[in-house]
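Each remark here refers to the structure printed beneath this line.
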Amino acid sequence: MSSPRPLDPLFRPSSIAVVGASRRSGTIGYQIVDNLLRHGYQGVIHPVNPSARAIHGVRAWPDVSSIPEPIDLAVIVVPKDHVGSVVDDCGRAGVKALVVISAGFKEVGGAGVQREHALVEQVRKYGMRLVGPNCMGLLNTEADISMNATFAPTMPPPGHMSFLSQSGALGVTILDYAAEYGIGIHHFVSVGNKPDVSGNDLLEYWEDDPHTRVILMYLENFGNPRRFTRIARRVTRKKPVVVVKSGRTGAGARAASSHTGALAGTDLATDALLAQCGVLRADSVEDLFDMAMAFEAQPVPRGERVAIVTNAGGPGIIIADACESAGLRVSPLSDDTQARLRTLLPEEASVRNPVDMIASATGERYRDVLDAVLADPSVDAAVAAFVPPLGIRQIDVAAHIVDARAGHPDKPLLAVLMGREGLPEGKARLQEAGIPAYTFPESAARALAAMHRYHRWLERPLPEPTRFDVDADAVSTIIQGARDEGRAGLLEHEALAALAAYGIPVVEHRVVADVDAAVAAAEEIGYPVVLKALSPEVVHKTDVGAVRVDLRGPDDVAAAGRAVVEAVGTVAGARLQGILVERFERGGRETIVGVHSDPAFGPVVMFGLGGIYVEALSDVTFRIQPVSEQDAREMVDSIRGRKLLDGVRGEPPVDRDALVSVIQRVSQLVGDHPHIREVDINPLLARPDGALSLDARIRF
């Protein structure tokens with residue numbers, strides 16, 4: 001027996017009190033007692049109802065304090081106004097943990113917020129742990145516990161998936177789905193408002209739970225995203241974590257002055273966070289279960305090479321397309337394997353990949369062909385697809401697919417069974433043997449692609465973010481000077497100075513007070529030059545004509561200087577604080593590096609293609625600060641336009657190391673100076689010999 005852990009009273013209670021137990025069917029208090037009894041809870045059940053002598057034939061008690069033996073867990077199903085007195089009663093009786101089903105707390109706002117605050121204070125006073133309020137309960141399918149302390153009408157079969165749901169209503173659907181399709185669940189928790197036991201607590205609990213092989217989560221929000229990142233990075237090294245996160249299509253980013261702020265929606269921050277800690281994101285609950293079935297009993301593939309075996313050409317093509325689209329490779333089989341297949345298959349069959357055995361393929365032929373394909377060293381995983389022709393049964397084919405897998409336990413094998421006749425029996429036979437069976441080809445491809453992504457994560461080192469030698473004091477002085485003047489951000493020359501203090505190359509420039517001085521500065525820098533007005537009120541200078549580029553002589557500079565001064569005058573309340581003269585740089589690729597501070601996630605670092613079309617193209621990627629070197633490299637490599645960085649039409653590739661360095665240095669800048677809210681380096685000119693910041697904006 002393993003030593004007790006903090007959440008054991010919730011998942012492994014030896015006794016449960018159901019407060020608010022009822023004899024009326026159709027009530028939650030009735031359903032919870034019924035579930036505990038009907039599904040064989042191995043501990044002692046104590047219904048609590050002051051108006052009943054017995055419930056379901058089990059003696060009832062007027063309150064928890066009256067129960068003569070210790071209680072590990074109390075499930076509370078009483079009106080919200082009575083929860084407080086029940087919690088006090090439980091605390092005095094020494095109850096170790098609570099599940100509060102009752103609603104009417106933070107989720108309703110107003111007085112509910114205060115009610116939940118008081119509840120948490122009570123729980124902490126007595127040293128108890130709390131799931132809920134506003135939840136549907138929890139369950140544990142282990143044979144020596146067999147606890148269904150929920151009001152769901154079904155109990156899923158035992159398995160190795162542990163599931164957290166932030167939605168009670170969705171939780172009922174999840175358990176129904178698991179029971180219908182025979183998907184094994186180990187633990188299920190509906191966390192409700194989660195003021196105490198959170199997703200982070202459950203991740204840590206399941207991290208070392210030997211019965212949990214896959215962790216599944218439906219989340220509506222992250223309570224503490226940075227703690228989640230720290231825990232998940234560790235947990236995903238031991239077992240896969242798959243998340244469905246709702247809220248993909250919010251109303252959009254809040255109004256922001258920077259390009260980064262306009263692009264960095266909360267859902268993009270979620271993608272960044274999950275990518276950095278190895279968590280797989282599913283698009284739907286169905287997708288989540290598809291992934292989980294593949295992970296539960298299959299080995300992780302060693303590579304992306306997939307072999308497809310089918311008895312019909314159409315499904316094979318669909319699976320091949322889905323695999324390639326998901327980042328897998330349907331690569332040719334070896335010559336030896338193809339030669340072996342020719343001895344097993346009729347002449348009209350195809351021995352290439354996908355292997356089309358044609359409709360006459362029997363179960364025995366599936367076994368022999370899969371055995372040959374899985375033995376091929378150029379194959380990392382296989383998908384077997386079956387469309388039932390006349391006279392060949394799903395169950396027979398399923399049995400022979402199981403036989404083929406037995407000889408190759410180190411390679412994942414997924415199945416796609418199509419057609420309705422015999423489908424339940426065939427799928428059940430495969431899933432009993434640990435082979436995930438899907439109805440649609442795309443589901444199998446997505447699940448296998450998720451396994452490959454997880455394999456890449458396991459191979460990836462986790463270095464600490466680099467600490468560069470920088471002049472942090474200089475940046476603190478610049479920021480403090482701007483704040484002393486009541487400004488919410490730096491002027492561009494100040495922002496460039498801050499970047500330079502962190503070792504980020506910036507364009508040669510001068511700050512002058514008037515047009516004559518601008519001409520002199522241009523002569524000193526050398527033509528051509530760029531002129532920009534400096535005004536804290538003019539955020540996007542190009543939009544109002546406060547920027548002039550490619551100025552090639554003193555007359556051009558003088559005319560442009562007068563124009564940018566006049567442009568500032570067209571903006572109500574704008575103050576001109578100087579003119580910035582910069583060298584006009586040519587060549588290279590315009591990129592953008594930025595930071596936006598999300599209220600939940602903190603600083604979010606962005607990289608992508610830059611210039612004036614950055615928001616129109618939205619070819620950007622994000623990571624949560626701090627950003628390691630590997631994070632930065634993945635950012636550079638994951639944009640859609642990455643081939644532009646490699647050089648096109650004979651142009652040399654840009655210096656990727658320089659971009660990686662800038663991303664890391666910007667990450668360190670905002671980490672060292674928490675007052676910074678937004679950063680935009682746009683454009684950051686990427687060249688074969690480095691990167692150069694041409695324009696910078698910093699706000700705090």
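Each value in this text was obtained by applying a stated rule to the coordinates, not by laboratory testing. Treat the numbers as computed from the prediction; the structure is a model and nothing was measured. Ideal geometry is used to build each Cβ from the backbone, glycine not excepted, and the neighbour counts take in all protein chains shown.
Over region 594-653, what relative contact order in percent results from Cα pairs under 8 Å that are six or more residues apart?
26
Under a crude label model (7 Å from the Cα following the beta-carbon direction), how far is Asp144 from Ala111 in nanometres?
4.7
Hey, what does the equivalent ellipsoid look like for region 8-212, semi-axes from the Cα gyration tensor as sqrt of 5 times each eigenvalue, largest first, whole Å?
Values for region 8-212, descending: 24, 20, 16 Å.
Looking at region 20-125, what % of the alpha carbon pairs are farther apart than 15 Å?
63
How much length, in nm to one decimal, is gained on full extension between Asp176 and Asp410, taken as 0.36 nm per residue of separation minus their Cα-Cα distance?
Going from the current span to full extension adds 81.0 nm.
Could you pull out every residue, at least 5 positions away or on a different chain, whose amide H is within less than 5 Å of the one on Phe584? Hs are placed 1.01 Å off N in the peptide plane, and Pro or chain starts have none.
HN-HN under 5 Å from Phe584: Val529, Val530.
I'd like the antiparallel share, as a percent to the nearest 5, of DSSP beta bridges with both residues in the chain. Don't skip to the end; give the middle numbers.
Working: 52 of 104 bridges.
In the chain, DSSP labels about 50 percent of beta bridges as antiparallel.
Binning at 10 Å from 0, report for region 589-699 what percent of all alpha-carbon pair distances ends up in each bin.
Calculated over all Cα pairs of region 589-699, the distribution is 16, 51, 28, 5, 0 percent.
Which trypsin sites (Lys or Arg not before Pro) in region 464-513 pass both tests, a DSSP loop state and at most 13 other beta-carbon atoms within 10 Å?
Here the trypsin sites (Lys or Arg not before Pro) that fit, given the DSSP loop and packing criteria, are Arg467.
Any chance you could give the angle, 0 to 90 degrees and rounded to 10, that helix 441-459 forms with the longest Cα principal axis of the chain?
Once rounded, one gets 70 degrees.
Can you list residues from other chains, or at least 5 along the same chain, whose modelled amide H is less than 5 Å from the amide H of His46?
For His46, the qualifying residues are Ile16, Ala17, Val18.
In whole Å, what is the distance between the alpha-carbon centres of region 170-214 and region 422-499?
The distance from the Cα centre of region 170-214 to that of region 422-499 comes to 24 Å.
Using the Karplus curve 6.51 cos²θ - 1.76 cosθ + 1.60 with θ = phi - 60°, what ³J(HN,Hα) values do you get for each residue of region 227-236, in whole Hz, with x for Gly and Pro?
With coefficients 6.51, -1.76 and 1.60, one gets 5, 4, 4, 4, 5, 5, 4, 6, 5, 5 Hz.
With the Cα gyration tensor of the chain in hand, convert its eigenvalues to equivalent ellipsoid semi-axes via √(5λ) and list them largest first in whole Å.
Here the semi-axes work out to 55, 40, 18 Å.
Given H placed on each backbone N at 1.01 Å, which residues far from Ala282 in sequence or on other chains put an amide H within less than 5 Å of it?
Under 5 Å from the amide H of Ala282: Val243, Val244, Lys245.
Relative contact order of the chain: what whole-number percent is it, with Cα pairs under 8 angstrom and at least 6 residues apart?
Result for the chain is 8 percent.
Taking the number of other C-beta atoms within 10 Å as the exposure measure, put Thr173, Thr212 in order starting with the fewest.
Going from sparsest to densest Cβ surroundings: Thr173, Thr212.
Short version: ³J(HN,Hα) in whole Hz for each residue of region 547-563, in order, from phi by Karplus 6.51 cos²θ - 1.76 cosθ + 1.60 (θ = phi - 60°), x for Gly and Pro, what are they?
Once rounded to whole Hz, the list reads 10, 9, 10, 6, 8, 10, x, x, 5, 4, 5, 5, 5, 5, x, 5, 5.
For region 290-394, which GluC sites (Glu not before Pro) are in a loop by DSSP, counting at most 13 other Cβ atoms within 10 Å?
Those satisfying the criteria are Glu347, Glu348.
Mind checking the angle between helix 285-297 and the chain's longest principal axis? C-alpha axes, 0 to 90 degrees, to the nearest 10.
Helix 285-297 sits roughly 70 degrees off the main axis of the chain.
When only C-alpha pairs under 8 Å and at least 6 residues apart count, what is the relative contact order of region 3-76, in percent?
38
So what's the net charge close to Val679: Lys and Arg +1, Asp and Glu -1, counting the other residues with Cβ under 9 Å from its Cβ?
Charge balance in the 9 Å sphere: +1.
Would you mind ranking Leu139, Leu659 by Cβ crowding within 10 Å, fewest neighbours first? Provide the component values of the computation, followed by the final result.
Working: Leu139 27, Leu659 23.
Lowest count first: Leu659, Leu139.
What is the angle, in °, between the Cα long axis of helix 313-325 and the longest principal axis of the Cα atoms in the chain? Nearest 10 is fine, range 0 to 90.
Taking the Cα atoms of the chain, the angle to 313-325 is about 50 degrees.
Would you calculate, for the chain, the mean residue ellipticity at 222 nm contributed by helices, counting each DSSP H stretch of 4 or more residues as -39,500 (n - 2.57) and dividing by all residues, to the nearest 500? Walk me through the intermediate numbers first.
Numbers: 25 runs with 274 residues, N = 700.
Counting only the DSSP helices, I get -12000 deg cm²/dmol.
Can you run phi through the Karplus equation (6.51, -1.76, 1.60; θ = phi - 60°) for region 134-147 and list ³J(HN,Hα) in whole Hz, with x for Gly and Pro?
After applying 6.51 cos²θ - 1.76 cosθ + 1.60, I find 6, 9, 10, x, 8, 8, 9, 8, 3, 4, 7, 10, 6, 10 Hz.
What order do you get for Met451, Met293 when you list them from fewest to most C-beta neighbours inside 10 Å?
Working: Met451 23, Met293 27.
In increasing order of surrounding Cβ atoms, one gets Met451, Met293.
DSSP beta bridges in region 63-208, what fraction antiparallel, as a percent rounded to 5?
40
Enumerate the residues in region 358-378 having an amide nitrogen under 16 Å from the point lying 7 Å beyond the Cα of Arg393 toward its Cβ.
The answer is 362-364, whose backbone nitrogens lie closer than 16 Å to the label point.
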